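Nothing in this text is a laboratory measurement; each read-out follows from the coordinates by a stated rule. Remember, it's a predicted structure, so these values are computed and weren't measured experimentally. We place every Cβ from the backbone using ideal geometry, glycine too, and count neighbours over all the protein chains shown.
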Amino acid sequence: MPTILELLRQNKKDEIWKECCGFIDLSVRGFMDVQKQLLLEQIELLGQCELGKKIMGGEAPRSVEEFRKKVPLTTYKDYLPYLDEKREDVLPERPYAWAHTSGRSGEYAFKWVPYTKAMVDMMPKNIFASIIFSSCRTRGDVNIEEGDILLYATAPPPYVSGVIIRAVDDQGVLRILPSVEEAEQMDFFTRMAEGFRMSMEMGMDFFGGITSVLVRISRQFEEGLRGRNRTSTKLSPRLIYKLLRGKIKSTLAGRPFLPRDLWRLKGIVCGGSDTSIFKDKVFHSWGRMPLEAYGSTECGGSFATQTWNYKGMTFFPGICFLEFIPEEESRRSRADTGYKPRTLLLDEVKPNEKYELVMTSFRGGIYTRYRIGDMIKVVSLEDEELNIRLPQIVFESRVDDIIDLADFARLTEKTIWRAIEDAGISYEDWTARKEYIGESPVLHVYIETKDGDARDIEQRVHQNLRELDSSYAEVEDILHLSPLKVTLLSEGTFNRYFKERQAAGADLGHLKPPHMNPPAEIMDKLMQMSKWKI
């Protein structure tokens with residue numbers, strides 16, 4: 001099979017579309033045929049290794065139905081004794097690369113994931129699908145060229161994003177700034193600064209990364225340019241010209257100088273639960289809507305993507321075998337660890353229903369009927385606008401990141417974040433916990449603001465939560481409880497926490513406090529670092 005670079009050089013963009021994006025033309029039945037065939041191949045591989053036999057109970061199932069009936073659902077604890085030591089002798093195939101994601105404090109530092117060569121080889125295909133969708137206007141439109149510039153804005157190996165960008169770089173299609181070799185020797189902030197310095201001179205065609213990082217970069221970019229007014233003589237003539245041209249453009253538009261005035265991006269591909277929240281801010285600053293891709297380290301990277309209408313996401317069929325635990329079954333199984341929840345396949349899901357995801361690796365991976373801890377919502381069974389006959393989904397929340405305020409009021413990170421954003425306040429970051437005032441449960445939100453009165457912010461966030469989540473409103477209306485408390489943290493609190501964790505050598509995934517349900521020791525540290533309390 002010719003590479004993407006070879007097809008580009010032959011101007012065979014129709015074949016690139018078919019190879020990377022053709023999955024959106026599958027019927028549900030066609031999707032399931034791909035899934036089941038790859039699962040049967042994976043079962044055979046699992047049956048030949050020690051860990052696979054242990055997970056499957058000693059004997060390999062002979063059908064998809066038998067696999068789902070006999071093989072239990074798993075969590076990372078089922079793999080911990082083997083993967084924590086990187087035991088390659090127990091795996092279906094010798095890993096080509098290892099990646100990790102954050103672990104659980106006090107239990108294990110990381111979740112380690114082995115990738116076979118076949119798994120890594122699949123990564124660029126899906127990434128290029130998202131890149132193509134982010135820059136196309138209609139079906140079949142491939143708007144990428146050899147040498148297009150992509151900013152290196154993700155974490156390096158051993159994070160999966162670093163493994164992915166290496167695989168993309170090996171394709172030779174995109175020019176990555178800074179180069180992969182240089183970038184992997186830099187910390188994140190140095191890499192971002194150098195990448196933007198280089199792209200200001202050389203240009204930028206695509207951005208890929210976390211949405212909240214892009215928003216933060218936008219703010220720093222605007223502040224940085226304001227600080228350059230007296231030092232512009234140190235810049236190259238070419239960059240001075242580009243800055244002046246951008247300044248004229250923003251002045252004529254009657255607004256501040258924005259990244260969109262310096263770069264004209266072909267596409268933006270972002271991940272993270274905040275993509276839907278910040279998409280309008282990204283569009284305002286960059287002139288393009290961020291296209292959301294969804295993935296997991298354990299699943300082997302990206303396994304769902306939006307298309308060019310920026311609505312629901314469509315699953316890729318060839319990354320992992322997908323099963324779905326209905327929301328009520330998921331909730332019951334978390335309350336009763338002995339309960340075995342039923343699962344559905346993609347051709348059985350229903351619109352407007354939420355499901356916990358279960359995945360099984362393909363191509364020699366080891367994760368089998370694995371609960372990745374994500375809750376998704378099926379928004380429709382097809383995209384009629386684009387004639388995509390596959391279910392459309394959105395990421396809903398982490399299963400373990402739900403604040404259960406009352407038996408009928410369960411708040412997600414996305415809902416709280418949206419309420420804070422819509423309050424129109426200037427803030428750095430936030431975290432939220434379920435706490436008690438007397439015997440009454442409250443949603444306690446801690447926000448680092450740059451201005452504002454706590455009571456005013458509390459009222460605005462409260463009103464937004466009422467509008468966004470009817471079950472939250474019912475806590476007040478039915479139980480006559482005041483369900484929200486807001487505490488303001490002093491400016492610089494989160495930055496001080498970040499720097500202390502960085503100095504202590506903390507892993508990248510543990511530099512920032514979690515947004516949802518941070519443990520008491522983290523909250524104690526944050527409060528110590530705040531100059532004052534409300």
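Straight-line reach from K70: taking Cα to Cα under 12 Å and skipping same-chain neighbours fewer than 8 places apart, the aspartates and glutamates in range are E59.
Starting from the Cα-Cα distance between A109 and D25, subtract it from 0.36 nm times their residue separation and give me the gain in nm to one decimal.
Numbers: separation 84, 0.36 × 84 = 30.24 nm, distance 4.11 nm.
Stretched out fully, the A109 to D25 stretch lengthens by 26.1 nm.
Apply the Debye scattering formula to the range 119-293, with a single equal point scatterer on each alpha-carbon and no solvent, then give log10 I(q)/I(0) at q = 0.20 Å⁻¹. Debye curve over Cα of the range 119-293, log10 I(q)/I(0) at q = 0.20 Å⁻¹: -1.51. Give the distance, in whole Å, between the Cα centre of the range 99-131 and the Cα centre of the range 255-285. If you average the Cα positions of each part, the centres end up 26 Å apart. For V475, V282, the sequence from fewest to most other C-beta atoms within 10 Å is V282, V475. Reported value for the range 402-529: 106 Å³ per residue, from the convex hull of its C-alpha atoms.
For the cross-link pairs K247/K377; K12/K354; K77/K414; K354/K499, which exceed 31 Å when the distance is taken from alpha carbon to alpha carbon? Write down the numbers at each step before the final one.
On the way: K247/K377 43 Å; K12/K354 40 Å; K77/K414 28 Å; K354/K499 38 Å.
Distance filter (> 31 Å) returns K247/K377; K12/K354; K354/K499.
Taking 17 Å as the straight-line reach from the Cα of K53, the aspartates and glutamates in range (excluding those fewer than 8 positions away in the same chain) are E41, E44, E66, D78, E88, D89, E93. Gain on full extension, evaluated as 0.36 nm per residue between K36 and D524 minus their Cα-Cα distance, stands at 170.8 nm. Remark: the range 15-21, residue by residue, has Karplus-estimated 3J(HN,Hα) of 6, 4, 4, 4, 5, 8, 10 Hz, where x stands for each Gly or Pro and the curve is 6.51 cos²θ - 1.76 cosθ + 1.60 at θ = phi - 60°. Taking chymotrypsin sites (Phe, Trp or Tyr not before Pro) across the range 332-437, the ones in a DSSP loop with at most 13 further Cβ atoms lying within 10 angstrom of their Cβ are Y339, F408.
Residues F31, F196, F207, ranked from the fewest to the most other C-beta atoms within 10 Å, line up as F196, F31, F207.
What aspartates and glutamates could a cross-link reach from K350, if we take a straight Cα to Cα line under 17 Å and drop same-chain neighbours fewer than 8 places away? Of all the aspartates and glutamates, those that pass the test against K350 - Cα under 17 Å, at least 8 places apart if same chain - are E323, E327, E328, E329, E382, D383, E384, E396.
Using R0 = 25 Å, the C-beta based FRET efficiency linking K499 and K86 works out to 0.20. Divided by 2.2 N^0.38 Å, where N counts the residues, the Cα radius of gyration of the chain comes to 1.00. Spacing of the modelled spin labels on K512 and V379, each 7 Å from Cα toward Cβ, amounts to 2.3 nm. Taking 0.36 nm per residue of separation and subtracting the Cα-Cα distance, full extension of the segment from S179 to A406 would add 76.7 nm.
For the range 453-505 and the range 391-441, what is the separation of their C-alpha centers, rounded to whole Å? With the range 453-505 and the range 391-441 each reduced to a Cα centre, they are spaced 9 Å. Computed log10 I(q)/I(0) for the range 1-149 at 0.09, 0.10, 0.11, 0.13 Å⁻¹: -0.43, -0.53, -0.63, -0.83, from the Debye equation with unit scatterers placed on every C-alpha and solvent omitted.
Mean silhouette area of the range 333-396, derived from the convex hull of its C-alpha atoms and averaged over all directions, reads 5.7 nm².
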